[in-house]
Amino acid sequence: VSNGSFYQTILNNSNYAKVMIFSQNGPPRENSINLSANEVNITVISMGDDKGFRKFNESGGLEEVDTTSMPISMRFLRNTEECGVPNAPSSTCLITEMNASSFNPLKALLAGKVNMEIKMTNTNVSLIFHNYDMMSAKQPPMMSILEENASARATTSGSSAVSEVWNFGSFAPSDSYANVTIVMPYSDVSSAGNYINDSAQVNVTIPALYDENQNIIWNSSRGDNWANLSEEFLEYNKTSYRQLLNSSGYRCYNNTGLNESCFNNITANYIALKVPHFSTLGALVTGQATTATATTTTSSSSGGGGGGASYKTYEISTAQLTEGYTKALAKNDRVKTNVSGEWHYVIAKEVNETKGIAVIEVQSEAQNKTFKIGQGYKFDVNNDGYYDFSVLLEGITNNKAEVKISKAEGAVETITGEEGTAKELTNEEKEAITTTGEETANKWYNYKTNQIIAGAILLIIIGIIIYAIIKKTRTGNIKKKR
């Protein structure tokens, strides 16, 4: 290093380099450098009065925040799965904690490898950095961007749909933690300003991703998709996160599943979104602001763009999928099944009894096919290169598509001129599926028949025994009379 400048050998034809800059009194900063530029200037954040915190201002830029008056708390929690959840108990998980005004870098450093929680105490919006390595990162990601409230809230005109937008970010080195959980609270009180009806469907979408300088580098509104992801965001192309970049988003289920990318805790009233490494992102939450329409206890109301379209969801087990499951689905009805730990859906998008066709959509990643009666397809739903299940349209009655869903096997075949990986079932495959169903029915029939036969034999035996006892009793009485 000479006069604040340093020289580094790089490979020819390189377009950019990612560097880590360390300072004596601040956290390391990771930057992508454009090698075609004549000069690159990097500002290293020091631990001054603002301690490195930033927030979005009204113009979309960043502004410093005086954290001595900001209601921020930090908890350094044990690096276990039980202590990596929202609102982890301090009694069993806490190593040390501090607020913004009493932040002590040395005390934080001694925490070691932790689950680190940064929380806005006035609203409970928080970030949880999982498996955060304090030793390699030197200090927690103090140059964070965290909106204590939703930066925007809108209700769709003429509908009950409500949207919340939160902005989050961090410049922690990407190799210093495993992933991040973003906790976004809401109220289930209809008069509250942050009310979301958690009995209806809630979806989360990430419409924009930013670089370390807050420039948008991925934007769904301009038509970006997974193919446009830059190297630092390639992890979003995994099955667990890909739905977050769809226009429909990732459905947050009403549970506390630690392995879900998004879940909605309807008891504690928060939405938890798990994302991989990131610099900054905007999270869009859509749901219902008023009571959802539901026809039965197994029905739901579609969320997001508008309200009122009812449908029924039928959840089936792995055993049912293996045996083959048949159901008559009205428009928008769906069958829910689990493949490799993730939920997937078979949805009747359109049903036309007159033409004898039905449009079936298979999710997570949407795959649409138009089925004729007797036609079937097999699908790879988790992009592992192997088919997971098949869908066969057996008939259409009373505007309901009678579909049979069965487990499928085999490597995915690339079909010239066809989009996606779905492959039409052959006659032999359809016959095998039908035979499997018939065999299952026959087994049940034989089981019931055998039960009836066994019961009849038992009754006959009991009758013979009773007859023998009565006859013996009568014979004894006759001998006594003589």
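The values are calculated or read from the model by the stated rules, or taken from the named source; none is laboratory data. Just so it is clear, the model here is predicted, and its values are computed rather than measured. Backbone-built Cβ (ideal geometry, glycine too); neighbour counts: all protein chains shown.
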The condition from (1) within 17 Å of the chain's Cα centre (by Cα); (2) farther than 18 Å from Thr239 by Cβ that Ser364 misses is numbered (2)
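Tell me, which strands (runs of 3 or more DSSP E) lie completely within segment 62-161 with 3 or more residues that are at negative phi, modelled with pLDDT under 65 and surrounded by 18 or more Cβ atoms within 10 Å (Cβ to Cβ)? Break it down into steps so the answer makes sense when it comes.
Values: elements: 62-64, 72-77, 94-99, 113-120, 126-133, 144-146, 152-155.
Result: 144-146.
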Tabulated pairs, segment 174-200, first aromatic (Phe, Trp, Tyr), second part of a loop (DSSP other than H, G, I, E, B) and crowded, with 20+ Cβ neighbours inside 10 Å, C-beta under 6 angstrom, 6+ apart or interchain
Tyr186/Ile196
Please indicate, with yes or no, whether at least one residue in segment 246-267 is at pLDDT below 80 and more than 16 Å from the chain's Cα centre (by Cα).
no
Do we find a residue being of a type in the set (Ser, Thr, Tyr), at pLDDT 75 or above and buried (at least 18 other Cβ atoms within 10 Å of the Cβ) anywhere in segment 386-397?
yes
Inter-residue pairs, beta-carbon under 6 Å, first touching a residue at least 12 places away in the same chain (Cβ under 8 Å) and in segment 317-331, second part of a helix (DSSP H, G or I), 6+ apart
Glu323/Thr440; Gly324/Thr436; Gly324/Gly437
Output the residues belonging to segment 322-352 that are crowded, with 20+ Cβ neighbours inside 10 Å, of a type in the set (A, V, I, L, M, F, W, C) and under 22 Å from the mean Cα position of the chain (by Cα).
Val335, Val346, Ile347, Ala348
